[in-house]
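So the structure is just underneath, and the comments pick up after that.
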């Protein structure tokens, strides 16, 4: 009886593993829209390099430093990232993913070696949006290595350029 149970359990586990392995394979030769990533001591990565106007940008910030970093969460889509758009060759802050929190900013800590995940979407939560206007964007992180606040010197890092293609 015990041997049958063990064989059934092993068979189910192998079937599950094969199914998961099959989900990860691609027959088209890879992702046609890979993400972006920077190689700074604090890196910013996105899940895609090109988005449609109503897509959500999945972003990861990885702290490769030996110390924690700190930033405030009232930026684009109420994350720690600002969103900039390129206009006539110059980068400008945009309010297309504005944060409308009715509270004070909260300090976010990213410990050494850890990753912070965020999603950026056009508009204000709960309000219909026309989406991201077509253009070239980048994400901006201003952080400090001091938990006492951003009154200290901050460091700024930028993501690679991100394109929003018209619909």
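The values are calculated or read from the model by the stated rules, or taken from the named source; none is laboratory data. Quick caveat, the model's predicted, so the values are computed rather than measured. Heads up, the Cβs are rebuilt from the backbone with ideal geometry, glycines too, and the neighbour counts pull from every protein chain shown.
Structure data summary
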{"read-out": "Residue in the stretch 15-26 that is touching a strand residue (DSSP E or B) at 6+ places or on another chain (Cβ under 9 Å) and either closer than 18 Å to residue 133 by Cα or at pLDDT below 95 (or both) present", "value": "no"}
{"read-out": "The one condition in (1) within 16 Å of the chain's Cα centre (by Cα); (2) at pLDDT below 95 that residue 127 fails to fulfil", "value": "(1)"}
{"read-out": "Matching option when the condition is under 18 Å from residue 136 (Cα atoms) and more than 11 Å from the chain's Cα centre (by Cα), among 34, 41", "value": "34"}
